[in-house]
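Input: a single structure, listed below in structure tokens.
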Amino acid sequence: EDKVVQSPLSLVVHEGDTVTLNCSYEVTNFRSLLWYKQEKKAPTFLFMLTSSGIEKKSGRLSSILDKKELSSILNITATQTGDSAIYLCAVAGGSNYKLTFGKGTLLTVNP
Amino acid sequence: GAVVSQHPSRVICKSGTSVKIECRSLDFQATTMFWYRQFPKQSLMLMATSNEGSKATYEQGVEKDKFLINHASLTLSTLTVTSAHPEDSSFYICSARKDTEQYFGPGTRLTVT
């Protein structure tokens with residue numbers, strides 16, 4: 001059975017701090033690893049990673065995949081209160097690219 | 001872009017009735033659509049994979065007779081929650097696959113009273 005584990009499950013930081021969120025996986029026929037941000041509605045897409053060791057960046061967010069360790073990290077630098085959300089890691093596997101989600105990391109950024 | 005819509009966004013129904021939720025890919029054709037359920041403070045759980053023109057594949061523990069899925073065209077999949085009960089109250093989210101990526105709908109919040 002495919003499995004995705006995220007850590008920590010929750011994190012409270014102050015504005016300006018840098019955070020690192022972790023995701024590890026066991027998936028049959030790995031296709032890609034994805035990061036999403038979820039506030040009150042459906043998840044919004046952040047990154048899709050398919051190749052090991054290549055960092056993807058978008059503003060203060062960056063992510064990298066390690067296929068040898070079966071893991072990925074999501075970094076957020078200079079956090080802002082608007083970064084407060086649940087960050088979901090998902091892995092796509094199989095011919096249908098079916099997504100298996102982790103439980104998410106609840107990030108709270110205090111002013 | 002790749003836009004997926006869901007309708008309705010919110011529905012309240014009485015116990016024992018059926019509710020239909022629509023998922024549409026607006027600007028692309030999706031051979032595969034997925035239905036997820038998310039309970040409060042929990043992650044998304046895949047319910048079923050829906051391929052156009054064939055029967056849906058349900059995940060373990062999801063009752064196929066209770067959650068009817070129809071993928072009649074390349075742009076529309078529907079989920080019908082039959083004989084809904086309060087424990088079916090949840091956030092239902094669909095996604096549509098385009099090539100290697102999935103695009104999520106905005107979700108439907110179902111409340112069964």
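What is the local net charge at B:V4, summed over the other residues whose Cβ is closer than 14 Å to its Cβ (Lys, Arg +1; Asp, Glu -1)? Write out the running numbers ahead of the final one.
Numbers: positive: A:K41, B:R24, B:R97, B:K98; negative: B:E22, B:D27, B:E101.
Net of charged neighbours comes to +1.
Taking a Cβ cut-off of under 14 Å around B:A48, the surrounding Lys, Arg, Asp and Glu residues balance to a net charge of +2, with basic ones at +1 and acidic ones at -1. Dividing the alpha-carbon Rg of segment A:32-111 by 2.2 N^0.38 Å yields what? Against the empirical 2.2 N^0.38 Å value, I get 1.11 for segment A:32-111. Taking a sphere under 14 Å around the Cβ of B:A84 and counting the other residues whose Cβ falls inside, with K and R at +1 and D and E at -1, yields a net charge of +1.
Please give the charge dipole size of the protein assembly as shown, origin at the Cα centre, charges +1 on K and R Cβ atoms and -1 on D and E Cβ atoms. Round to the nearest 20 debye.
Details: 24 positive and 20 negative charges, 73 e Å.
Here the size comes out at about 340 debye.
Pick out, in residue order, every one of the GluC sites (Glu not before Pro) in segment B:44-85 that is DSSP loop and has at most 10 other C-beta atoms within 10 Å; say none if there are none.
Values: sites: B:E52, B:E59, B:E63; in loops: B:E52, B:E59, B:E63.
Those satisfying the criteria are B:E63.
Send over the Kirkwood Rh of the protein assembly as shown, from the inverse of the averaged 1/r over different Cα pairs, rounded to one decimal Å. Present the calculation step by step, with values, prior to reporting the outcome.
Numbers: mean 1/r = 0.0553 Å⁻¹.
Final number for the Kirkwood radius of the protein assembly as shown is 18.1 Å.
The charge dipole of segment B:1-73, taken about the Cα centre with unit charges on the Cβ atoms of Lys, Arg (+1) and Asp, Glu (-1), comes to about 320 debye, rounded to the nearest 20. Extending 7 Å from Cα along the Cβ direction at A:T77 and again at A:E26 yields two label points whose distance is 3.6 nm. Taking label positions 7 Å along the Cα-Cβ direction at both B:T82 and A:K67, the computed distance is 4.3 nm, reported to one decimal.
Computed from the coordinates by the stated procedures, all read-outs in this text should not be read as laboratory data. No experiment lies behind these values; they were computed from the predicted model shown. Here the Cβ is made from the backbone with ideal geometry for all residues, glycine too, and neighbour counts use every protein chain on show.
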